[in-house]
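Report on the structure given below.
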Ligand code: ADP
Ligand code: MG
């Protein structure tokens, strides 16, 4: 699926209000925010309601925040999606606390542990459960300080080495020259986080004694390959971003270096605000988005309006002394909700290309089969070119065989016609022969009859003579009756002339009878 076809998913916003800190209570600050139970709504003062995807009041624990809106993003990683969690807010509002950007190993499993160590724990737990998959993880940690990108995982001397941002049409924003630390376990990954946290540029400001003076991005790159299907593999990115404070300069009472930092921090945040406004404004859809105005917006290009599921945690102080900054943050967060991202499943480019080629080969095979009336065997898989070649050869051989067979068939049909002709002629001959035989049989029977009658005539004459010479009376009687029998036969023969007439020999016979 391409980015253009992807479903638009809005950036989600969680508003998190920290409790009043001791400094604020000491100063007699009052709460300027109130919460609507069971509703993701916060009211500033008496009459300024704001609704977000999630709202966490000062009593919300780290675990609740994590389980409600961060854990689902981690799960999305295993489906091949990119995810970003972005903490925004004025200095001292709870960004670093929420993200776990100051985590040290001795915090262990303390309930105050922030998002990043929890993400690491969940990631490795999920990976262990997915026995059919093979994972490889890399982490990087950078900060944008005074518009420079610093590598927080590099040794101090190489921290400010040349790092550049490139845009890959398929893989999105890539940071060249950044340390990518291969990690195999949660402990190792947490050590990377701790090491980077210790390297962050912090300084005390009027708002926060340990204020982060930079934007920090902790990135986990995850590659997952199915052990069952070589063509199934994803690669996703998880960005965990702790932005620098969004307050105005006059509030930090900054001078010199702090002021310069503040100007640069605000430059990044100002660009970020412009990007968020441009992305969230329906009427400006399709217009230029000023991602290139700062390193921060360039680095977050995929996370805002791009290929990522993104959550912004907007952190605010409830103190009335911060009311103006809180209102700014509430408005900023409201605009961010209007950004529509287009997250896609990040299939490994090589596996995607393989799948594409396999699909093309299958389609070609089907076309070839259709072209030859389904006479060729379908064989899916194997080397595409080899397969096609062997199909062509088979096709040629079959065509030649077909030619031979049709030649043989036409010869055979000629022979069959000749044979049929002969059979018909033989049958006609047979019929003629049978007729002739019947004729002859009848002829023979008649001849016998005529001969017999001729003989009997002669016998009759002889018998008359014999009768005259006989003395024995009984013998005489017998000869007499024989004579009368002869005469009866002769009479009968005379009474059946048609049969005799038809015969060639009949004239002779009748002549002989009449002569007698
Ligand atoms: P930021 O990073 O925005 O400058 P921090 O995260 O350093 O602010 O928070 C400022 C102070 O507020 C820290 O002392 C932190 O422990 C405290 N704090 C922030 N959020 C909470 C919270 N939800 N519950 C308790 N304390 C918090
Ligand atoms: Mg901070």
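A few notes on this one:
- Between the range 154-182 and the range 17-49, the Cα center-to-center distance that results, in Å: 40
- FRET efficiency, residue 430 to residue 372 (Cβ-Cβ, R0 51 Å, nearest 0.05): 0.50
- Computed over the range 35-169, the P(r) curve from all C-alpha pair distances, binned at 5 Å from the origin, holds 2, 7, 13, 17, 17, 16, 13, 8, 4, 2, 0 percent per bin.
- Looking at the range 138-203, the pairs of alpha carbons with a distance over 20 Å make up 31% of the total.
- Inter-part distance, the range 423-443 to the range 61-77, computed on C-alpha centroids, equals 108 Å.
- Protection proxy ranking, peptides 25-35, 317-327, 60-70, average beta carbon neighbours within 10 Å, highest first: 317-327, 60-70, 25-35
- FRET efficiency estimate (nearest 0.05) - Cβ-Cβ, residue 75 to residue 112, R0 30 angstrom: 0.80
- Distance from the alpha carbon centroid of the range 331-364 to that of the range 82-108 works out to 29 angstrom.
- Tensor-based shape of the range 9-347 (alpha-carbon gyration tensor, a/c under 1.5 rounded, otherwise prolate or oblate): rounded
- Isotropically averaged projected area of the range 79-131, using the convex hull of Cα atoms (one quarter of hull area), nm²: 4.8
- The range 286-353: C-alpha pair distances exceeding 18 Å, %: 56
- Per residue, the average separation of C-alpha pairs within less than 8 Å and at least 6 apart gives the range 9-347 a relative contact order of 29 percent.
Each reported figure results from applying straightforward, stated rules to the coordinates on display, with no laboratory input. Since the structure is predicted, the reported quantities are computational estimates derived from the model, not experimental observations. Because the Cβ atoms are built from the backbone with ideal geometry, glycine has one as well, and the counts that use them run over all protein chains shown.
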